[in-house]
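Notes for the one structure printed next.
The values are calculated or read from the model by the stated rules, or taken from the named source; none is laboratory data. What you see is a predicted model; the values in this text were computed from it and never measured. For neighbour counting, all protein chains shown are included, and Cβ atoms are generated from backbone atoms with ideal geometry for every residue, glycine included. Keep in mind that these areas ignore ligands, DNA and RNA; they rest on the heavy atoms of the full protein, side chains included. Shrake-Rupley method; radii C 1.70, N 1.55, O 1.52, S 1.80 Å.
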Amino acid sequence: MKSASDFPTINAKIPDGLKEDGSKYRVLLVDDSIFVKKQLQQMLLSQDYEVVDTAADGEEAVAKYKQHYPNIDLVTMDITMPKMDGLTALEQIIEFDRSAKVVMISALGKEELVKKALLLGARNFIIKPLDRVKVLERLASVVKR
Amino acid sequence: MRVEYINPFVESAMSVLKSTVSENVKRGTPKLSTSINNIQGVAIIVGLAGQVSGRVVLDMSEETALNVASSMNGERLDSLDELVSATLTELGNMITGNAITKLHELGFKFDLTPPALFVGDNLRLTDNKIEALVVPLELEEGNLCINVAIKENIYK
């Protein structure tokens, strides 16, 4: 009897987190909730992304982006956070690196907030609660563009 | 109290609980509450301010809180530690965040305070001159109540 390994490559899906050369997309994960961090981390790791670092507020996010630059492919950014909010952090990251790929993740989906984030340079906007399939789809569409 | 303000919170609670905790969520009979409410062991409180003022409280027993947090994390959690607290406040955040997104679409503008978590026995909540609507929600994980009190601000 044939097993799955007899048909190795045709339909084998390459995990979203891998680049064409086989290396991993590197993600900076920004959220002040350890629950959301854990949830996102599990989703990302399941698709072979590498979480290079995490930050719990906007200030830390900007500092860590600069610290790891240019070895970051994607930032997931919460909005409501202490010290500095996610929109301000987004603005500062884009100011530092115009090609930064930042995806906002928030429980608030008010139209003016989404518009503002996209105007400031966010590549996408994901509204919580996080649906694993949708999150991975959105993130993949951003990193692979 | 206008029902337009209340429904989005209850609907949002139902849909967030369904997608993050368990498929089977039943809505019990709502009741209008007097000024003093007894709170079960764990309460998540989010304040509302802007065109209206008020607050939303989600309360449950400690056992239910642990069951809910366990389901949301996909692993058994047995004490009200940092992860459980973060999970429960995130639950409050998602429910109220989604509700005010809907309310904004309907033209009601107000904002939220970050969720606060209260834990203790014999907690009582007193609202001064705001009527509260309490809706019990039944899950496999246990029962919880969403308690919404809102009043319109007359000044513009």
In order over region A:25-41: 3J(HN,Hα) from phi, Karplus 6.51/-1.76/1.60, θ = phi - 60°, whole Hz, x for each Gly or Pro, gives 5, 9, 10, 9, 9, 10, 6, 8, 9, 5, 5, 5, 4, 5, 4, 5, 4
Computed over chain A: longest principal axis from alpha-carbon atoms vs helix A:111-120 long axis, angle to nearest 10 degrees, is 80 degrees
With all protein chains present and a 1.4 Å probe, the order of B:Val46, A:Val133 from largest accessible area down is A:Val133, B:Val46
With B:Ser12 itself left out, Lys, Arg at +1 and Asp, Glu at -1 over residues whose Cβ is under 12 Å from its Cβ give +2
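Given a cut-off of under 8 Å on Cα pairs at least six residues apart, what relative contact order in percent is computed for chain A?
On the way: 224 pairs, mean separation 28.6, N = 145.
Value for chain A: 20 percent.
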Residue by residue through region B:110-121, the couplings from Karplus 6.51 cos²θ - 1.76 cosθ + 1.60 with θ = phi - 60°, in Hz, x for Gly and Pro, are 7, 10, 10, 8, x, x, 10, 10, 10, 10, x, 8
Phi angles of region A:128-145, converted by Karplus (6.51 cos²θ - 1.76 cosθ + 1.60, θ = phi - 60°) into ³J(HN,Hα) in whole Hz with x for Gly and Pro, give 6, x, 7, 9, 3, 4, 5, 4, 5, 4, 4, 5, 4, 5, 7, 5, 8, 6
re the protein assembly as shown: pairs of Cα atoms spaced beyond 24 Å account for a percent value of 55 percent
Rounded to the nearest 10 Å², the accessible area of A:Tyr65 using a 1.4 Å probe with every protein chain kept is 10 Å²
For chain B, longest principal axis from Cα atoms; helix B:3-20 axis from its Cα atoms; angle between them, nearest 10 degrees, is 20 degrees
So the FRET efficiency between A:Ala63 and B:Val119, C-beta based with R0 = 41 Å and rounded to 0.05, is 0.75
As straight-line cross-link partners of B:Lys151, the qualifying lysines (C-alpha separation under 19 Å, not fewer than 8 residues apart within one chain) are B:Lys31, B:Lys102, B:Lys109, B:Lys129
Chain B: relative contact order from alpha carbon pairs under 8 Å, six or more residues apart, as a whole percent, is 40 percent
Expressed to two decimals, chain B has a Cα Rg over Rh, using the Kirkwood radius, of 0.95
Yeah, region A:32-145 with a ≥ b ≥ c from its alpha-carbon gyration tensor (a/c under 1.5 is rounded, else prolate when a/b outruns b/c, oblate otherwise) is rounded
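Filter A:Lys64/A:Lys128; A:Lys19/A:Lys128; A:Lys64/A:Lys134; A:Lys64/B:Lys18; A:Lys64/A:Lys144 down to the pairs with a C-alpha to C-alpha distance above 32 Å, please. Please report the intermediate quantities before stating the final value.
Values: A:Lys64/A:Lys128 24 Å; A:Lys19/A:Lys128 27 Å; A:Lys64/A:Lys134 27 Å; A:Lys64/B:Lys18 36 Å; A:Lys64/A:Lys144 23 Å.
Over 32 Å apart, Cα to Cα: A:Lys64/B:Lys18.
Rank these by accessible area, largest first, 1.4 Å probe: A:Phe125, B:Phe118. Walk me through the numbers on the way to the answer.
Details: A:Phe125 20, B:Phe118 100 Å².
Listed by decreasing accessible area, they come as B:Phe118, A:Phe125.
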For region B:75-151 the mean separation of alpha carbon contacts under 8 Å (6+ apart) over residue count, i.e. relative contact order in percent, is 20 percent
For B:Arg2, the accessible surface traced by a 1.4 Å probe with all protein chains present amounts, in square angstrom to the nearest 10, to 90 Å²
Reported to the nearest 10 Å², B:Asp127 has, with a 1.4 Å probe, an accessible area equal to 20 Å²
